[in-house]
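Visitor: Structure in structure tokens, see below.
The values are calculated or read from the model by the stated rules, or taken from the named source; none is laboratory data. Note that the structure is a prediction, hence the values are computed from the model and not measured. Counting neighbours? That spans all protein chains shown, and the Cβs are built from the backbone with ideal geometry, glycine included. The area values use the complete protein model at the heavy-atom level, side chains included, leaving out ligands, DNA and RNA. Shrake-Rupley method; radii C 1.70, N 1.55, O 1.52, S 1.80 Å.
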Amino acid sequence: PLSPAAVVGAGLGGSAAAYFLQQHFGPQVQLDVYEAAGVGGRLATVTVNKQQYESRGASIHALSLHMQDFVKILGLKHRREVAGKSAIFSGEHFILEETDWYLLNLFRLWWHYGISFLRLQMWVEEVMEKFMRIYKYQAHGYAFSSLEELLRSLGGEAFVNMTQRSVAESLLEVGVTQRFVDDVIAAVLRSSYSQSVLVPAFAGAMSLAGAQGSTWAVEGGNKLVCSGLLKLTKANVIPARVTGISLHSSEGRALYQVHYESTEGQGSAFYDLVVVTTPLHPGRSNFTFENFDPPIADFPGAFQPSVTSVVHGYLNSSYFGFPDPKLFPFTSILTTDTPELFFHAVDNICPVNISAAFRRKQPQEAAVWRVLSQRPLDKPQLKTLFRSYYSVQVTEWPTYPRYDAAKALPPIVLHESLFYLSGVEWVASSMEMVAVAAKNVALLAYNRWHQELEKIDQKDLMHKVKTEL
């Protein structure tokens, strides 16, 4: 039997991994979860006027089945939707404006971009339909030992290739026009990944699915999923930073020694199984691996710096061409890839707890806005976007992989029972991708531990799953 297991990191990946490990190995498995900063990871909130707001990781796609499950199991609720309109700004004028009338929006897209819009939808739907196969595979206990194998089982070589070529290239190939890519696709990717249309096609498809599908969020904040899952698994959360892992063996089995630093000093503990859910990239974790032969290689690639500024103030609507603030109709502004634009998106955000009586502020009132940018905003930039403001709270973090930087996908298996979860973000970075990867790692660990090798990297799974039913 598996005795103690360790999970490094208590963001969504770590919390979900702990939950799925317990689901598969059973309640007797002892789980230690190491977290230096605070449960929730990037699903953080900031407080303005005694109200909490999401600083990142804000929306979840309707088709996110694992996230839907977590919310159900934990007895959490979907946050009430507060309607608002979005628009795309070029730095000089709005190139696309949403209205209250759905058909008019479709007509406008159609009028401006013709069949491109339809081709985009068909492309995204085809990718999502294949991606959804993962839930069937996982329900049958199948796991994959590499990201390439996982992608291959869903969409063949075409899916693997989608991690190596840009979304722009893939869309132009299916007949979407360059203008549509520059105007609409660029704006969506800037607001979701803080990057250009050069992000890989697969990551792009996931982001575009979120932009055109219905999305939701958790009442009280998305980070409640993390704390909820850890409570449910009765995991032992250790407030410490893991500095390295060294390999020992006992009775022919690998034994992993996890070294950590906490306020009490340094310590270490031994485990049969370890799942690392923090990014193992230079400058991110400063992790050391000792006694591994062959040694565990360095992880290539870099992260994209991105800055969230939560501003409580009065939007300067005249900058956007609305001298009378009362007439400003938008709650969400995306931007095109224009050199002089210093921000990626501006959103009028609602608190994580939305009462039945809640209403959005009128455009001329002070509201809470979230500005996404590459670098921290300086005073002149804040003055450009806001007539005046009461407070600015800045969160700076390397949130997403720099997608143009990596050529190969990171491994999942680092050693016999040592697994790496965060590599999945190089395929696409979203809450659901992380949850899917957590379930895969738990199944992979279980199948390897019990030598159920016929459940790993199987070919022709669509056929197998059909015949098993």
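Visitor: Against the conditions (1) modelled with pLDDT of 95 or more; (2) buried (at least 18 other Cβ atoms within 10 Å of the Cβ); (3) assigned to a helix (DSSP H, G or I); (4) over 20 Å from the mean Cα position of the chain (by Cα), where does V176 fall short? Just the number, please.
Guide: Unmet for V176, out of (1) modelled with pLDDT of 95 or more; (2) buried (at least 18 other Cβ atoms within 10 Å of the Cβ); (3) assigned to a helix (DSSP H, G or I); (4) over 20 Å from the mean Cα position of the chain (by Cα): (3).
Visitor: Being open to solvent by 20 Å² or more (accessible area, probe 1.4 Å) and either under 21 Å from E432 (Cα atoms) or touching a strand residue (DSSP E or B) at 6+ places or on another chain (Cβ under 6 Å) (or both) is the filter here, so list the residues in segment 36-45 that pass it.
Guide: A36, G38, V39, G41, R42, A44, T45
Visitor: Which one of these is touching a strand residue (DSSP E or B) at 6+ places or on another chain (Cβ under 8 Å) and crowded, with 16+ Cβ neighbours inside 10 Å: P295, P305? Explain how you work it out, then say what you get.
Guide: On the way: P295 fails: crowded, with 16+ Cβ neighbours inside 10 Å.
Result: P305 is the single residue among P295, P305 that is touching a strand residue (DSSP E or B) at 6+ places or on another chain (Cβ under 8 Å) and crowded, with 16+ Cβ neighbours inside 10 Å.
Visitor: Related question: For S55, state whether it is closer than 22 Å to G9 by Cα, open to solvent by 40 Å² or more (accessible area, probe 1.4 Å), small (G, A, S) and in contact (Cβ under 8 Å) with a residue 40 or more places away in the chain.
Guide: Answer is no for this residue.
Visitor: Let me ask another. Output the number of the condition that W101 fails; it satisfies all remaining conditions of (1) farther than 25 Å from E219 by Cβ; (2) crowded, with 18+ Cβ neighbours inside 10 Å.
Guide: (2)
Residues checked against (1) surrounded by 17 or more Cβ atoms within 10 Å (Cβ to Cβ); (2) under 19 Å from the mean Cα position of the chain (by Cα); (3) without any contact (Cβ under 8 Å) to a residue 60 or more places away in the chain:
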site	(1), (2), (3)
A357	no, no, yes
Y390	no, no, no
E396	no, yes, no
A408	no, no, no
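Visitor: Taking the stated definitions as given, is T277 surrounded by 15 or more Cβ atoms within 10 Å (Cβ to Cβ) and of a type in the set (V, I, T)?
Guide: Details: surrounded by 15 or more Cβ atoms within 10 Å (Cβ to Cβ): yes; of a type in the set (V, I, T): yes.
So T277 passes the test.
Visitor: Further, regarding this structure: Out of all the residues in segment 1-40, which are touching a Cys at 6+ places or on another chain (Cβ under 9 Å), modelled with pLDDT of 95 or more and either among the hydrophobic types (A, V, I, L, M, F, W, C) or over 19 Å from E425 (Cβ atoms) (or both)?
Guide: A10, L12, A16
Visitor: Let me ask something else about it. Which pairs turn up if I take residues in segment 1-17 that are in contact (Cβ under 8 Å) with a residue 12 or more places away in the chain and look for partners that are surrounded by fewer than 24 Cβ atoms within 10 Å (Cβ to Cβ) and charged (D, E, K, R) with beta carbon separation below 7 Å, at least 6 apart in sequence or on another chain?
Guide: Hits for this filter: L2/D272; S3/D272; P4/D32; P4/D272; A5/D272; A6/D32; G11/R42.
Visitor: So which of V188, V160 is more than 20 Å from A437 (Cβ to Cβ) and of a type in the set (A, V, I, L, M, F, W, C)?
Guide: V188
Visitor: Follow-up question, since we're still on this one. Give me the residue from segment 185-199 that is open to solvent by 20 Å² or more (accessible area, probe 1.4 Å) and part of a helix (DSSP H, G or I) and, out of that set, farthest from A345 (Cα to Cα).
Guide: Going through the qualifying residues, I end up with S192.
Visitor: Report, by residue number, each residue of segment 453-469 that is closer than 18 Å to M132 by Cα and either outside any helix (DSSP H, G or I) or in contact with a Cys (Cβ under 8 Å, 6 or more places away or on another chain) (or both).
Guide: Listed by number, the residues that qualify are D457, Q458, K459, D460, L469.
Visitor: Would you pick out the residues in segment 410-433 that are over 17 Å from the mean Cα position of the chain (by Cα) and not in a strand (DSSP E or B)? Outline the logic, then answer.
Guide: Restricting attention to segment 410-433, the residues satisfying the condition of being over 17 Å from the mean Cα position of the chain (by Cα) are 411-419.
Of everything in segment 410-433, those that are over 17 Å from the mean Cα position of the chain (by Cα) and not in a strand (DSSP E or B) turn out to be P411, I412, E416, S417.
Visitor: What's the number of the only condition in (1) within 26 Å of F343 (Cα to Cα); (2) open to solvent by 50 Å² or more (accessible area, probe 1.4 Å); (3) at pLDDT 90 or above that A211 fails to meet?
Guide: Unmet condition: (3).
Visitor: In addition: Identify, from the list G156, G141, the residue that is among the small types (G, A, S) and assigned to a loop (DSSP other than H, G, I, E, B). Break it down into steps so the answer makes sense when it comes.
Guide: Values: G156 fails: assigned to a loop (DSSP other than H, G, I, E, B).
Exactly one of G156, G141 is among the small types (G, A, S) and assigned to a loop (DSSP other than H, G, I, E, B), namely G141.
Listed here are the residues, each with its yes/no results for (1) open to solvent by 80 Å² or more (accessible area, probe 1.4 Å); (2) out of contact with any helix residue (DSSP H, G or I) (no Cβ under 7 Å at 6 or more places or on another chain).
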| residue | (1), (2) |
| --- | --- |
| M67 | no, no |
| G75 | no, yes |
| G84 | no, yes |
| S90 | no, yes |
| I95 | no, no |
| N105 | no, yes |
| M122 | yes, yes |
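Visitor: Of everything in segment 373-388, what is of a type outside the set (S, T, N, Q) and either at pLDDT below 95 or open to solvent by 40 Å² or more (accessible area, probe 1.4 Å) (or both)? Give them in sequence order.
Guide: Selection gives R375, P376, D378, K379, P380, K383, R387.
Visitor: Could you please find all residues in segment 188-219 being among the small types (G, A, S) and in contact with a helix residue (DSSP H, G or I) (Cβ under 9 Å, 6 or more places away or on another chain)? Write out each step before concluding.
Guide: Let us first name the residues in segment 188-219 that are among the small types (G, A, S), namely 191-192, 194, 196, 201, 203-205, 207, 209-211, 213-214, 217.
Passing the criteria: S191, S192, S196, A201, A203, G204, A205, S207, A209, G210, A211, G213.
Visitor: Identify the residue in segment 314-352 that is assigned to a loop (DSSP other than H, G, I, E, B) and among the acidic types (D, E) and, among all such residues, is surrounded by the fewest Cβ atoms within 10 Å (Cβ to Cβ). Reasoning before the result, please.
Guide: Of the residues in segment 314-352, the ones assigned to a loop (DSSP other than H, G, I, E, B) are 316, 321-324, 328-331, 336-344, 349-352.
If we keep only those that are among the acidic types (D, E) as well, we get 324, 337, 340.
Numbers: D324: 10, D337: 18, E340: 6.
For segment 314-352, the residue satisfying everything is E340.
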